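Only one structure is covered here, and it is reproduced in the block below.
The values are calculated or read from the model by the stated rules, or taken from the named source; none is laboratory data. From a predicted model like this one, the values you see are computed outputs, not experimental measurements. Cβ: placed from backbone, ideal geometry, glycine included. Neighbour counts: every protein chain shown. Ligands, DNA and RNA are stripped out before the accessible areas are found, and what is left, the full protein with its side chains, is counted by its heavy atoms. Shrake-Rupley method; radii C 1.70, N 1.55, O 1.52, S 1.80 Å.
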Amino acid sequence: MDFRHFKYFVAVAEERSFTRAAERLHISQPPLSRQIQQLEDEIGMKLLERDARPLRLTEAGRFFYARAVRLLEQVNETVTMTRRIAQVERRLVIGFVPSTMYGALPRIARLFRAVKPQTELVLVEKLSVEQNEALNAGRIDVGFGRLRLDDPRVKREVLREEPLVLAIPAEHPLAGAATPLSLLAAVPYTLLIYPRSPRPSYADQVLSLFRDKGVEPMTVHEVQEMQTALGLVASGMGVCVVPASAQRLRRDEVVYRPLLESSAVSPIIMCTRLNDQSEDIVLLRSLIDEVYRAQAAEKLLADSPPPPAGAEA
């Protein structure tokens with residue numbers, strides 16, 4: 001006796017007809033009749049009065065029908081609850097360096113939640129080195145960082161190279177520059193870098209840009225976070241090289257100037273465990289492409305010259 005016998009018997013009992021029950025079950029009548037006969041043979045008594053029109057249940061059949069209906073309801077409830085539990089337990093944990101929060105990440109997260117509301121999305125702030133450790137330990141599923149860390153257990157993909165800009169106090173001599181600045185212009189001033197630890201970090205990327213030009217900043221002051229660095233810039237304590245997306249902070253006391261050097265970029269790197277092709281990871285990757293395409297289209301529109309006066313709309 002198996003689950004199918006219960007399902008078939010309930011259909012016949014409710015339809016009072018093998019023909020209608022077979023149609024309801026989307027099977028032919030002869031196999032259905034054989035299944036009911038097998039059920040009766042296993043129980044050792046008749047459950048249906050086949051000579052009656054329509055079919056009638058025997059006393060044993062009525063008892064068996066009531067228990068079968070209850071059993072099917074319990075099975076359906078168990079399946080439904082199991083699916084709900086599975087959905088609740090589904091979660092995607094993303095580690096991110098703080099600077100990515102000023103770029104595409106919030107938009108990507110909103111889209112993911114809209115498409116997969118049954119998956120709990122968790123965002124945790126972690127520096128690139130910390131992300132690598134957390135991926136291998138299973139504490140996060142995806143990392144968005146800025147360091148090219150080599151680990152054979154981790155798949156690394158550079159999503160884009162983000163331009164860097166120089167953050168300058170509003171009253172600073174460099175603040176009035178109408179054209180992009182060279183990194184050399186920042187050498188005489190205190191350079192604020194972050195994070196102080198752990199290292200290597202974005203701070204080392206910035207220092208490498210100066211060393212690639214054969215120079216060292218006159219003074220370097222290390223802080224732990226970009227927000228702290230920009231706060232010190234606003235206070236006139238120095239200048240800072242930050243990703244272009246940081247300009248969205250809109251501090252009145254800070255101005256941002258693009259850099260001349262083509263090497264003045266910082267990668268945005270997506271890291272996952274090697275060979276992790278889960279449904280949520282695949283979806284997240286497709287949403288990243290979608291957001292980047294939309295951002296490119298928005299930038300193109302913003303950079304387009306306005307139509308001449310009097311032109312048709």
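Quick one: in the range 56-79, which of the residues that are open to solvent by less than 40 Å² (accessible area, probe 1.4 Å) and of a type in the set (Gly, Ala, Ser) is farthest from Phe6 (Cα to Cα)? Write out each step before concluding.
So the first thing to find is which residues in the range 56-79 are open to solvent by less than 40 Å² (accessible area, probe 1.4 Å), and the list is 57-58, 60-61, 64, 68-69, 72.
Now restrict to residues that are of a type in the set (Gly, Ala, Ser): 60-61, 68.
On the way: Ala60: 14, Gly61: 12, Ala68: 6 Å.
Ranking the qualifying residues of the range 56-79, first place goes to Ala60.
Tell me the residue from Val215, Val220 that is without any contact (Cβ under 8 Å) to a residue 40 or more places away in the chain and open to solvent by 60 Å² or more (accessible area, probe 1.4 Å), please.
Val220
Run Asn275 past the list (1) modelled with pLDDT of 90 or more; (2) under 23 Å from Val129 (Cβ atoms); (3) of a type outside the set (D, E, K, R) and report the number of the one that doesn't hold.
(1)
State yes or no: is Ser182 without any contact (Cβ under 8 Å) to a residue 12 or more places away in the chain, open to solvent by less than 70 Å² (accessible area, probe 1.4 Å) and either under 17 Å from Ala246 (Cα atoms) or out of contact with any helix residue (DSSP H, G or I) (no Cβ under 9 Å at 6 or more places or on another chain) (or both)? Please lay out each step first, then the result.
Details: without any contact (Cβ under 8 Å) to a residue 12 or more places away in the chain: no; open to solvent by less than 70 Å² (accessible area, probe 1.4 Å): yes; either under 17 Å from Ala246 (Cα atoms) or out of contact with any helix residue (DSSP H, G or I) (no Cβ under 9 Å at 6 or more places or on another chain) (or both): yes.
Against the criterion (without any contact (Cβ under 8 Å) to a residue 12 or more places away in the chain, open to solvent by less than 70 Å² (accessible area, probe 1.4 Å) and either under 17 Å from Ala246 (Cα atoms) or out of contact with any helix residue (DSSP H, G or I) (no Cβ under 9 Å at 6 or more places or on another chain) (or both)), Ser182 does not qualify.
Identify all residues within the range 186-201 that are open to solvent by 30 Å² or more (accessible area, probe 1.4 Å) and more than 29 Å from Lys126 (Cα to Cα); write none if there are none.
Pro188, Tyr189
Could you please find all residues in the range 144-157 being surrounded by fewer than 16 Cβ atoms within 10 Å (Cβ to Cβ) and of a type in the set (D, E, K, R)?
Arg148, Asp150, Asp151, Arg153, Glu157
From Arg160, Arg110, Arg91, which residue is surrounded by fewer than 18 Cβ atoms within 10 Å (Cβ to Cβ) and in contact with an Asp or Glu (Cβ under 7 Å, 6 or more places away or on another chain)? Give the steps one after another, and end with the answer.
Values: Arg160 fails: in contact with an Asp or Glu (Cβ under 7 Å, 6 or more places away or on another chain); Arg110 fails: in contact with an Asp or Glu (Cβ under 7 Å, 6 or more places away or on another chain).
Among Arg160, Arg110, Arg91, only Arg91 is surrounded by fewer than 18 Cβ atoms within 10 Å (Cβ to Cβ) and in contact with an Asp or Glu (Cβ under 7 Å, 6 or more places away or on another chain).
Exactly one condition in (1) at pLDDT below 90; (2) over 30 Å from Ile268 (Cα atoms); (3) assigned to a helix (DSSP H, G or I) is false for Arg24; which is it?
Only one criterion is unmet by Arg24, namely (1).
I need every pair where a residue in the range 33-60 that is more than 11 Å from Phe9 (Cβ to Cβ) has its Cβ under 8 Å from the Cβ of a residue that is part of a helix (DSSP H, G or I) and among the charged types (D, E, K, R), sequence separation at least 6 or different chains.
As it stands, the answer is Lys46/Glu40, since those pairs meet every condition given.
Of these, Ser266, Ser262, which one is open to solvent by less than 60 Å² (accessible area, probe 1.4 Å) and over 19 Å from Glu171 (Cα atoms)?
Of the residues listed, the single one that is open to solvent by less than 60 Å² (accessible area, probe 1.4 Å) and over 19 Å from Glu171 (Cα atoms) is Ser266.
Sort through Val233, Val239, Val223 and tell me the only one that's closer than 17 Å to Thr190 by Cα and out of contact with any Phe, Trp or Tyr (no Cβ under 7 Å at 6 or more places or on another chain).
Val233
Quick one: which strands (runs of 3 or more DSSP E) lie wholly within the range 238-291 and hold at least 2 residues that are in contact with a Pro (Cβ under 7 Å, 6 or more places away or on another chain)? If you could, list the steps in order and put the result at the bottom.
Details: elements: 239-243, 254-258, 265-273.
Those strands (runs of 3 or more DSSP E) span 254-258, 265-273.
Scan the range 118-152 residue by residue and report those that are more than 15 Å from Met270 (Cβ to Cβ), part of a loop (DSSP other than H, G, I, E, B) and touching a helix residue (DSSP H, G or I) at 6+ places or on another chain (Cβ under 9 Å).
Gln118, Thr119, Leu127, Arg139
Answer yes if at least one residue in the range 53-68 is among the acidic types (Asp, Glu), modelled with pLDDT of 90 or more, over 30 Å from Ile269 (Cα atoms) and assigned to a helix (DSSP H, G or I), and no otherwise.
Scanning the range 53-68 turns up at least one residue that is among the acidic types (Asp, Glu), modelled with pLDDT of 90 or more, over 30 Å from Ile269 (Cα atoms) and assigned to a helix (DSSP H, G or I).
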